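Report on the structure given below.
Any read-out appearing in this document is the output of simple, stated calculations on the displayed coordinates, not a laboratory observation. Being a predicted model, the structure only gives us computed values, none of them experimental. Here the Cβ is made from the backbone with ideal geometry for all residues, glycine too, and neighbour counts use every protein chain on show.
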Amino acid sequence: MFTSRAEYRLHLRHDNADRRLTPPGDAVGLIDPERKTRLERKMAAIETAKALLEAKHDEHGSLSKRLSRPETTWPEMVGLLPELAAIPQDAAEQVVIDVKYHGYLARQEIDIRRQRKLADRRIPEGIDYTAMIHLRHEAREKFARIRPADVAQAARIPGVTPADLAVLTMYLDPSTTRSRRSRTDDPLHEPIIDPTSDSRAANPD
């Protein structure tokens, strides 16, 4: 898998595969009881560790906040809070990742919910993809050829990236369209200044 093409790759990590895939696998009868019990114990240990970190404070705040700093390590936390020594290594690893990347994961979770809401958004039949100047050439070409009916179908087109979908939904947003029309043809660029004009009046320095 090309991680650059994977949607929400902060959530799709190899280290949390058991946490992500065991519940749906169990729902369809693919998980044996031993594996399910192992995950339940791991999840309980993770929650216990997080609760301990939140409950214990120093002069700078909770130990959870301290662990979120890049330079802080798990052994340091165990030194400050000996109860953490009982947390299994695999659970401790997940706690460290969850705490250190909490802000990034939370923002991506918002993106996930937003994209799910946008998935059913219909795409007008006569939309002009060539006018979407911020869309990659490859994506414009594929959208123009396949003519997806909605954003969900557009997302399933091979080679289309999350960034392509973000640009597409931007052009489908009426408020963005009005803002773009009220400015210039390119909303990401400032108006071009004529180099032959006398700029001294605008900039006396």
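I need the shape label for segment 120-182. Rule: rounded when a/c is under 1.5, else prolate if a/b > b/c, else oblate, with a, b, c from the alpha carbon gyration tensor. Taking the square roots of the gyration eigenvalues as a ≥ b ≥ c, segment 120-182 is prolate. Between Glu47 and Gln108, the FRET efficiency estimated from the beta carbon spacing at R0 = 35 angstrom works out to 0.95. Database remark: amide H of Arg121 closer than 5 angstrom to the amide H of Val151, Ala152 (H placed geometrically; neighbours at sequence offset of 5 or more, or on other chains; Pro and chain starts carry no H). Computing FRET efficiency as 1/(1 + (r/R0)^6) for Lys100 and Glu141, where r is the C-beta to C-beta distance and R0 is 45 Å, gives about 0.70.
Taking a ≥ b ≥ c as the square roots of the Cα gyration tensor eigenvalues, with a/c under 1.5 meaning rounded and otherwise prolate when a/b beats b/c, else oblate, which class fits segment 11-100? The shape class here is prolate.
The fewest-to-most ranking of Asp120, Asp98 by surrounding Cβ atoms within 10 Å reads Asp120, Asp98. Remark: Val95, Val78 ranked as Val78, Val95, counting other beta-carbon atoms within 10 Å and listing the fewest first. In terms of other Cβ atoms within 10 Å, Thr130, Thr161 run from fewest to most in the order Thr130, Thr161.
Pairs on different chains or at least eight residues apart, Cα atoms closer than 13 Å: how many lysine pairs in segment 11-100 fit? Pairs that pass both the separation and distance tests number 5. Here the 3J(HN,Hα) profile of segment 42-57, calculated from phi with Karplus coefficients 6.51, -1.76 and 1.60 at θ = phi - 60°, is 5, 5, 5, 5, 4, 5, 4, 4, 5, 5, 5, 5, 6, 6, 8, 10 Hz, Gly and Pro shown as x.
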